[in-house]
Amino acid sequence: MQRDLLTRQLYAQDASLYEELPKGVSFPKSGEDIQRLVREANEKKFSITARSAGTSLAGQTTGGGIIMDVSRHMKDILNLDAEAKVAHVQPGVIRDTLNRESAKHQLLFGPDTATTNRCMIGGMVGNNSSGSFSIKYKTTREHTLEIEAVLSDGSIAHFKPLTPEELEAKQKLDNLEGHIYRSMLKLIERNRELIEKSYPHKEIIRRNTGYALDKLCEMQPFNPEGRNFNLCELLCGSEGTLAMTVSAKLDLSPLDKHKLVVVPQFETLEEAMRAAVDIVSFEPAAVELVDHIIMDATKGNIEQRKNRFFLEGEPRYILITQFEGNDLDQLHQRANHLAEKLKEKSLGYAYPIIAEADKMKRVWDLRKAGLGLLMGLGEDGRSPSFCEDTAVRVKDLPEYVNEFNAILKKHDTQCVFYAHASVGELHLRPQIDLFKKEGLEKMKAMADEIADLVKKYNGSLSGEHGDGRVRAPYIKKILGEEMLPVLQQVKEIWDPEYIFNSGKIVKPKPVDADLRFSPSYKKPKPDTVFSWRKEGDFGSAMELCNGAGVCRKLAESGGTMCPSYMATRDEKDSTRGRANVFRQVFAGEDPKGYESEELKEALDLCLSCKACKSECPANVDMGKMKAEFTNGWHKKKGSTIKERFFADAAKVFPLASITPKIANAVAASGIGKQLLERVFGIDSRRDLPEFADQPFRRWYSKHRRNGALKSDEKVVLFVDVFTNYNDPEIGKSAVHVLENMGYEVIIPKAMETGRPQLSKGFLEEAKEICQRVLNEFEEYIEAGIPVVGLEPSEILTVRDEFLELCSEKELPLALKLAKQSFLFEEFVANNADRLSPQNIKQNVTLHGHCHAKALVGNDPTVAALEASGYDVEVLETGCCGMAGSFGYEKDHYEVSQEIGNLVLFPSLKEREETLVCAPGFSCRHQIKDGVNIKSYHPAELIYRSLS
């Protein structure tokens with residue numbers, strides 16, 4: 001049990017509207033641990049809220065008692081029986097992790113939520129999750145065979161389908177489990193007619209309103225033709241209010257051999273809804289609606305912009321339709337027939353068919369990013385989750401949507417429409433500003449009216465996101481007042497003391513209690529050095545995180561964000577965790593702000609890799625936020641000699657380079673390493689980069705005198721401190737390549753753009769460097785001369801942080817410089833027709849630099865190398881773990897190595913015979929230290945191809 005303030009702050013919210021500070025957080029390692037916690041809860045009278053990834057949209061995983069996080073330790077696949085098609089898993093197993101293992105046997109766990117790379121089986125059981133393919137695979141309930149659970153008295157029970165004889169035996173047990181069976185059977189018998197009359201229409205696949213009593217009515221003994229009685233179906237969707245899952249046995253489905261996607265595109269929502277009814281008749285595996293608000297949001301997201309390739313023009317609505325089967329020709333026939341039918345009915349204007357696996361993945365990546373993109377639209381596009389999970393029959397969708405639009409018009413707002421058209425469930429998110437009193441009142445009024453509308457169509461208020469806190473107050477409208485005592489009886493049969501997740505489904509708080517953002521929220525307005533132009537201000541940047549938890553994905557899911565979380569699996573080391581702490585320590589009546597010890601601890605393992613800037617759907621830039629906070633911390637608390645040492649490389653390196661051999665010998669000696677560790681915090685296990693005998697600038701002075709190319713076409717080559725003093729050969733290679741391409745190379749005086757200062761939180765110094773560079777480069781900028789940089793983090797600072805460090809007066813000049821600045825390999829790729837490489841045909845393995853991947857991508861590096869004659873394999877390696885000075889520091893060495901060992905080191909060990917390209921200075925040294933392989937800058941490899 002952890003009760004410190006930082007941990008409690010980390011678990012005060014999920015992806016919903018709510019924020020409630022818990023009393024503590026427990027991290028059980030086994031069923032026995034959960035049993036002990038439940039017994040303690042009975043003794044000390046506190047509630048327990050179970051949680052895995054914490055991506056709930058209805059507030060299910062917030063609570064004022066103890067949060068029980070199973071994601072840290074209970075994450076094992078206990079058994080996977082391929083022959084029986086059954087997986088036995090703990091609740092902290094990530095859905096995609098399970099499916100990677102299942103795929104080895106041509107199997108999968110069918111429910112497919114938008115959060116599959118981080119959502120966990122415990123949460124999927126609790127919410128009865130389903131996702132995009134529910135028309136084919138239904139919900140988690142249909143795939144949950146057995147559940148081992150801890151009951152509210154601390155005992156263990158094993159739920160599964162029971163024969164009549166087994167059910168009779170269960171009723172005779174003299175314990176809580178026996179009481180549950182006896183009481184539940186009596187409750188269903190007594191209320192069966194009321195339940196069947198009150199619950200949503202049975203045609204609706206996804207119906208999660210209240211407890212699933214209607215599913216129990218379908219079973220024996222109530223239906224002689226029904227399936228065996230199984231309380232697992234009740235536990236699925238019960239949101240952790242009845243029992244705590246220890247493990248579950250899941251039914252796996254065979255993987256189809258082929259998939260194919262067709263994406264009809266529409267001008268109006270009405271067209272799309274009418275088309276959806278027709279599409280369902282073609283037996284697709286999925287039909288997903290995406291609207292123009294989401295598609296427009298992808299334009300501003302670096303990661304998703306590249307996934308728009310299949311859009312023709314600017315559609316207002318699209319229906320992503322997937323067909324699956326074992327006959328590819330038949331799938332093509334169905335897709336073509338569908339397109340022809342829609343065309344005949346004048347439904348839609350484009351119907352692209354996509355069959356390539358990588359392109360289909362990109363289409364679905366765009367769809368899955370929808371929720372996060374919506375939740376990060378900023379102040380003008382706020383769309384809170386309160387009515388986003390309604391479900392009606394597919395044939396009722398067109399009329400239901402028309403009436404929903406009438407409610408929107410009445411309240412003078414617009415709405416995002418997206419998600420599961422194939423099963424009658426749309427995620428409808430009206431744009432409402434909860435920071436304003438009128439916005440909060442509008443939400444409450446609309447929630448009432450929408451519940452009435454759902455009831456009119458005998459629909460479900462929740463299709464998969466659950467009731468939680470946000471919908472529980474409206475269950476009475478959907479199921480009727482008579483059903484509320486029945487639901488309460490269910491709760492009290494299982495959990496008479498309301499220990500498990502109290503306030504969810506039954507006896508909820510008001511919908512507007514404990515809101516994260518409300519009219520009473522006090523927006524932080526701290527002093528800053530960055531301008532925060534895009535976000536508006538620092539306070540707005542703190543509000544961007546929406547809790548979607550994309551930063552909790554693991555390395556095997558791909559991407560870079562968030563390397564520290566991938567290594568530690570600790571919420572405080574995720575972008576979401578840090579963002580939530582940011583908001584809590586800066587907002588409120590008595591903010592700690594820049595003096596917060598909790599926030600400093602949460603930021604300690606942030607590598608400032610910039611991955612969140614592109615991979616986070618809300619584009620949270622935690623590296624920038626960390627720099628601002630650290631600068632404020634220094635002002636309040638001062639800085640250390642260790643921090644100053646790494647920030648002052650431009651002052652220290654010239655001194656060391658006077659006698660490089662002596663400097664290198666001292667740094668490599670045992671005494672030198674001990675001294676560096678003790679004084680500057682440099683881990684003694686690290687080998688510091690050596691200083692070159694001849695710095696680049698000394699070589700270049702000779703080169704200028706001895707026949708450097710003169711040309712009317714010029715390029716400024718920005719040579720940073722590390723290239724100049726440590727890796728001059730890279731600078732030489734770059735000069736030779738650029739001259740070979742016909743450019744005269746200009747070397748400016750400036751050797752720094754402020755990257756070390758930014759990473760260590762000395763923003764005033766970074767601001768001064770920005771101003772100096774702008775002054776020196778003004779003549780090049782006005783002359784239109786391109787500026788090319790070798791170290792990605794340095795040159796990309798010009799395109800990123802300079803725009804936040806400069807004054808309003810300097811901004812036009814900074815924007816011009818940003819437009820004229822390029823990575824070396826980016827510039828080469830843009831002018832590849834000037835290269836004249838030999839036909840070398842060598843294989844190169846590329847590890848991309850984090851900042852380059854976040855702001856530019858790997859494509860320019862690949863293009864430059866391929867234009868030089870190389871065959872390039874791009875490693876999906878994420879962050880290397882070095883991150884400038886981070887990996888050199890004693891306090892961070894172990895985590896740095898853990899990050900390297902996630903993907904990068906194992907991948908390189910498998911490819912020891914190939915050339916390795918790593919554009920980043922620190923990346924190359926991490927590779928050398930980690931696997932003893934020399935890696936090369938693109939400039940070196942391109943020069944080699946010309947020589």
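The values are calculated or read from the model by the stated rules, or taken from the named source; none is laboratory data. For clarity, every value in this text was computed on a predicted model and none was experimentally measured. Cβ atoms come from the backbone with ideal geometry, glycine included; neighbour counts cover every protein chain shown. Each accessible area value is taken on the protein alone, full model and side chains, heavy atoms only, with ligands, DNA and RNA left out. Shrake-Rupley method; radii C 1.70, N 1.55, O 1.52, S 1.80 Å.
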- Query: Among the helices (runs of 4 or more DSSP H) contained in the stretch 800-847, which hold 2 or more residues that are touching a helix residue (DSSP H, G or I) at 6+ places or on another chain (Cβ under 6 Å) and in contact (Cβ under 8 Å) with a residue 60 or more places away in the chain?
  - Reply: 802-805, 824-830
- Item | Enumeration of residues in the stretch 472-529 that are farther than 30 Å from Leu805 by Cβ, without any contact (Cβ under 8 Å) to a residue 60 or more places away in the chain and charged (D, E, K, R) | Lys476, Lys477, Glu481, Glu492, Lys507, Lys509
- Going through (1) at pLDDT 95 or above; (2) of a type outside the set (Val, Ile, Thr); (3) out of contact with any helix residue (DSSP H, G or I) (no Cβ under 6 Å at 6 or more places or on another chain); (4) more than 23 Å from Asn127 (Cα to Cα) one by one, Gly381 fails only at (1)
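Residues in the stretch 702-721: is at least one more than 30 Å from Val787 (Cα to Cα), open to solvent by 30 Å² or more (accessible area, probe 1.4 Å), touching a helix residue (DSSP H, G or I) at 6+ places or on another chain (Cβ under 8 Å) and of a type outside the set (Gly, Ala, Ser)? Let's see the steps before the verdict.
Applying the first criterion (more than 30 Å from Val787 (Cα to Cα)) to the stretch 702-721 yields none.
Scanning the stretch 702-721 turns up no residue that is more than 30 Å from Val787 (Cα to Cα), open to solvent by 30 Å² or more (accessible area, probe 1.4 Å), touching a helix residue (DSSP H, G or I) at 6+ places or on another chain (Cβ under 8 Å) and of a type outside the set (Gly, Ala, Ser).
Starting from residues that are farther than 15 Å from Glu441 by Cβ and of a type outside the set (Val, Ile, Thr), keep the ones in the stretch 518-529 and report whichever is most open to solvent (accessible area, probe 1.4 Å). Reasoning before the result, please.
First, the residues of the stretch 518-529 that are farther than 15 Å from Glu441 by Cβ: 521-529.
Imposing the further condition that a residue be of a type outside the set (Val, Ile, Thr) reduces the set to 521-527.
Details: Tyr521: 39, Lys522: 102, Lys523: 63, Pro524: 6, Lys525: 176, Pro526: 32, Asp527: 133 Å².
Taking the candidates together, the pick is Lys525.
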- Task: Sort out which residues of the stretch 181-206 are open to solvent by 30 Å² or more (accessible area, probe 1.4 Å) and assigned to a loop (DSSP other than H, G, I, E, B), and write them in order of number.
- Result: His201, Lys202, Glu203, Ile205
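Scan the stretch 654-698 for residues that are under 20 Å from Ile747 (Cβ atoms), in a helix (DSSP H, G or I) and open to solvent by less than 30 Å² (accessible area, probe 1.4 Å) and jot them down. Show your work before the answer.
Step one: filter the stretch 654-698 for residues under 20 Å from Ile747 (Cβ atoms), giving 654, 657, 691-698.
Narrowing the set further to residues that are in a helix (DSSP H, G or I) leaves 654, 696-698.
Once the filter is applied, which keeps residues that are under 20 Å from Ile747 (Cβ atoms), in a helix (DSSP H, G or I) and open to solvent by less than 30 Å² (accessible area, probe 1.4 Å), the stretch 654-698 yields only Phe696.
Answer yes or no as to whether Asn839 is touching a Gly at 6+ places or on another chain (Cβ under 7 Å), open to solvent by 50 Å² or more (accessible area, probe 1.4 Å) and more than 30 Å from Asp648 (Cα to Cα).
Working: touching a Gly at 6+ places or on another chain (Cβ under 7 Å): yes; open to solvent by 50 Å² or more (accessible area, probe 1.4 Å): yes; more than 30 Å from Asp648 (Cα to Cα): yes.
For Asn839, the condition - touching a Gly at 6+ places or on another chain (Cβ under 7 Å), open to solvent by 50 Å² or more (accessible area, probe 1.4 Å) and more than 30 Å from Asp648 (Cα to Cα) - is met.
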- Item | Criterion: farther than 13 Å from Val844 by Cα, charged (D, E, K, R), out of contact with any Leu (no Cβ under 8 Å at 6 or more places or on another chain) and surrounded by 17 or more Cβ atoms within 10 Å (Cβ to Cβ) - qualifying residue of Glu889, Glu894, Glu876 | Glu889
- Hey, does the stretch 3-16 have a residue that's touching a residue at least 24 places away in the same chain (Cβ under 8 Å), within 12 Å of Ile66 (Cβ to Cβ), open to solvent by less than 10 Å² (accessible area, probe 1.4 Å) and not hydroxyl-bearing (Ser, Thr, Tyr)? no
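Looking at the stretch 140-154 only, could you name the residues that are in contact with an Asp or Glu (Cβ under 7 Å, 6 or more places away or on another chain) and either open to solvent by 40 Å² or more (accessible area, probe 1.4 Å) or assigned to a loop (DSSP other than H, G, I, E, B) (or both)? Spell out how you get there, then give the answer.
Filtering the stretch 140-154 down to residues in contact with an Asp or Glu (Cβ under 7 Å, 6 or more places away or on another chain) leaves 141, 143, 145, 151-152.
Hits for the stretch 140-154 are Leu145, Leu151, Ser152.
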- Can you give me the number of residues within the stretch 71-83 that are open to solvent by 10 Å² or more (accessible area, probe 1.4 Å), among the hydrophobic types (A, V, I, L, M, F, W, C) and outside any strand (DSSP E or B)? 1
- Query: Which condition number in (1) surrounded by fewer than 17 Cβ atoms within 10 Å (Cβ to Cβ); (2) within 20 Å of Ile279 (Cβ to Cβ) is the one that Phe323 fails?
  - Reply: (1)
- Note on the structure: Within the stretch 204-220, of all residues that are of a type in the set (D, E, K, R) and modelled with pLDDT under 95, the one nearest to Gln488 (Cα to Cα) is Arg207
- Item | Residue in the stretch 902-947 that is least open to solvent (accessible area, probe 1.4 Å), counting only those that are outside any helix (DSSP H, G or I) and hydroxyl-bearing (Ser, Thr, Tyr) | Ser935
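Table: residues versus (1) touching a Ser or Thr at 6+ places or on another chain (Cβ under 6 Å); (2) of a type in the set (Val, Ile, Thr); (3) not in a loop (DSSP other than H, G, I, E, B).
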| position | (1), (2), (3) |
| --- | --- |
| Asp256 | no, no, no |
| Val287 | yes, yes, yes |
| Arg334 | no, no, yes |
| His337 | no, no, yes |
| Ser346 | no, no, no |
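Consider Lys909 carefully, then state whether it is within 27 Å of Leu758 (Cβ to Cβ) and among the basic types (Lys, Arg).
No, not satisfied.
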- If the Cβ limit is 6 Å and pairs must be 6+ apart or interchain, which residue in the stretch 124-150 that is free of Cβ contacts under 8 Å to residues at least 24 places away in the same chain and not assigned by the TED database to the domain that holds Thr49 pairs with which residue that is open to solvent by 20 Å² or more (accessible area, probe 1.4 Å) and outside any helix (DSSP H, G or I)? none
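Within the stretch 475-484, is even one residue within 32 Å of the chain's Cα centre (by Cα) and open to solvent by less than 20 Å² (accessible area, probe 1.4 Å)? Outline the logic, then answer.
Start the filter on the stretch 475-484 by keeping residues that are within 32 Å of the chain's Cα centre (by Cα), which leaves 475.
Add one more test, that the residue is open to solvent by less than 20 Å² (accessible area, probe 1.4 Å), and what stays is 475.
Yes, the stretch 475-484 has at least one match.
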- In the stretch 313-331, how many are within 21 Å of Ala421 (Cα to Cα) and either in a loop (DSSP other than H, G, I, E, B) or modelled with pLDDT under 95 (or both)? 3
